[in-house]
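Participant: Below are the structure tokens for one structure; questions will follow.
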Amino acid sequence: MSKKILVLPGDGIGPEIVAQAKKVLNVLQADGLDVTLDEAPLGGAAYDQYGSPYPEFTQKLAREADAILLGAVGGPQYDQLDRPLRPERGLLAIRKDLNLFANLRPAILYPELANASTLKPEVVSGLDILIVRELTGDIYFGQPRGIRINEHGEREGFNTMVYAESEIRRIAHVAFQAAQKRNKKLCSVDKANVLEATEFWKEIVIDVAKEYPDVTLSHMYVDNAAMQLVRNPKQFDVVVTGNIFGDILSDQASMLTGSIGMLPSASLDQNNKGLYEPSHGSAPDIAGKNVANPLATILSLAMMLRYSFNDEAAAQRVENAVKAVLAKGLRTADIYEAGTEKVSCSAMGDAVVAAL
Ligand code: IPM
Ligand code: MG
């Protein structure tokens, strides 16, 4: 039976970059990939159409889908909305609703882009890190939360950092198994010297490690990890961490590679149903100008083929096409440098299709 892909173009540059990934998908379909495509709004686009950032229309299709391809959500026109109506809440809601607890964020430096990083080429060349970020727990979802008047009559904001044992165990398993398929090194990032929630995290990760004797486990405080990521990033293979630390460290890791416009991500449930999206945001400043980099979205499609459809050959075919266009010297504005050829978003999509 054919698999169902739900496409969520979202906001800002979302529709432009998703359109390029769809071109790639159409080629794969013509070559026999048995999938059907549906489309729905998420984020600001969904608020505009249905008055909610994750409306029932989208929820129903998302629950039925085998995999989801998302562009990006958010835009300044939505910043004044009540918090529950903001685009970001749509993204958090779909992650939670579908139980997409395992967020895989690879940071790979393509040799052609070694000069695009702000770090010295010798520090980043050959970089290949996988950040495994827990995505449905932590301070992002912990209760209680809010803004209230405290006992001194002063207003205060508060959130709760909390991790249940089962939440830590399942993400630890994902991370250890990912490490087993790579260089068998896992670094768990915490703030166990200050925060009980992450002291507990560390304890559980150490316990899960007993099941993976072939993987070398290390631990690092998040402040040190932030420093080590720019000092000597190649010391890392797989990094596992909670939701908020992973949010921050994955943005940082992305810049080691020169452009956040290159980085895909996968958010998976227990059965490898996944939501695939570029790691970057909706970039409202360049939306509609046909200058955005579609490669992270196209590489997210490759991750979908790999993780949700178990089609390694097709995943590599897409990844090799991306490498081929980089080798040809084609660059969108974000990765442009002298001596290369600057192309538009749609031209980049066409080039990947040609390279397929
Ligand atoms: C990300 C983003 C989201 C997050 C926002 C848009 C809610 O920064 O996917 O990293 O914080 O998880
Ligand atoms: Mg983020």
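Participant: Once the convex hull of the C-alpha atoms of the range 102-268 is built, how many Å³ does it hold per residue, rounded to a whole number?
Facilitator: Numbers: hull volume 21.6 nm³, N = 167.
Measuring per residue, one finds 129 Å³ for the Cα hull of the range 102-268.
Participant: Given contacts defined as C-alpha pairs under 8 Å and at least six residues apart, what's the relative contact order of the range 1-113, whole-number percent?
Facilitator: Values: 173 pairs, mean separation 37.3, N = 113.
Relative CO of the range 1-113 lands at 33 percent.
Participant: With Cβ to Cβ distances under 11 Å as the rule, what net charge do the other residues near Lys273 carry (K, R +1; D, E -1)?
Facilitator: Details: positive: Lys3, Lys4, Arg63; negative: Glu64, Asp66, Asp269.
Local net charge: 0.
Participant: List the aspartates and glutamates whose alpha-carbon lies under 15 Å from that of Lys184, not counting same-chain residues fewer than 8 positions away?
Facilitator: The reachable aspartates and glutamates, counting only those whose Cα sits under 15 Å from Lys184, are Asp128, Glu211, Asp214, Asp237.
Participant: Right, something else. Determine Rg/Rh for the range 171-217; Rg is computed over alpha-carbon atoms and Rh is the Kirkwood hydrodynamic estimate from the same atoms. The partial results should precede the final answer.
Facilitator: Values: Rg = 10.8 Å, Rh = 10.9 Å.
Looking at the range 171-217, the ratio lands at 1.00.
Participant: With runs of 4+ DSSP H residues as the only contributors, calculate the mean residue ellipticity of the chain at 222 nm using -39,500 (n - 2.57) per run, divided by the residue total and rounded to the nearest 500.
Facilitator: Numbers: 12 runs with 142 residues, N = 356.
Helix-only estimate at 222 nm: -12500 deg cm²/dmol.
Participant: Here's something else I'd like to know. What percent does the relative contact order of the chain come to when contacts are Cα pairs within less than 8 Å and at least six residues apart? Intermediate results must be reported in sequence, preceding the final value.
Facilitator: Numbers: 767 pairs, mean separation 75.3, N = 356.
Relative contact order for the chain comes out at 21 percent.
Participant: Okay, moving on. When the chain is fully extended, how far beyond the present Cα-Cα distance does Asp97 get from Arg231, taking 0.36 nm per residue of separation? The partial results should precede the final answer.
Facilitator: Working: separation 134, 0.36 × 134 = 48.24 nm, distance 3.79 nm.
Taking Asp97 through Arg231 to full extension adds about 44.5 nm, to one decimal.
Participant: Mind checking Rg over Rh on the chain, alpha carbons, Kirkwood formula for Rh?
Facilitator: Over the Cα atoms of the chain, Rg/Rh equals 0.96.
Participant: Here's a follow-up. Of Lys289/Lys342; Lys181/Lys210; Lys120/Lys289; Lys4/Lys60; Lys22/Lys323; Lys60/Lys96, which sit over 21 Å apart, Cα to Cα? Present the calculation step by step, with values, prior to reporting the outcome.
Facilitator: Numbers: Lys289/Lys342 14 Å; Lys181/Lys210 17 Å; Lys120/Lys289 31 Å; Lys4/Lys60 13 Å; Lys22/Lys323 18 Å; Lys60/Lys96 14 Å.
Going by Cα-Cα distance, Lys120/Lys289 fall outside the 21 Å limit.
Participant: On to the next question. Let me know the Rg and Dmax you get for the range 1-75 when you use only its Cα atoms, in Å.
Facilitator: My reading of the Cα-based Rg and Dmax gives 12.6, 39 Å.
Here, each number is a calculation from the coordinates, and none is a lab measurement. Not measured: the values here are computed from a predicted model. Don't worry about glycine lacking a Cβ; one is built from the backbone with ideal geometry, like all the others, and counts go over all protein chains shown.
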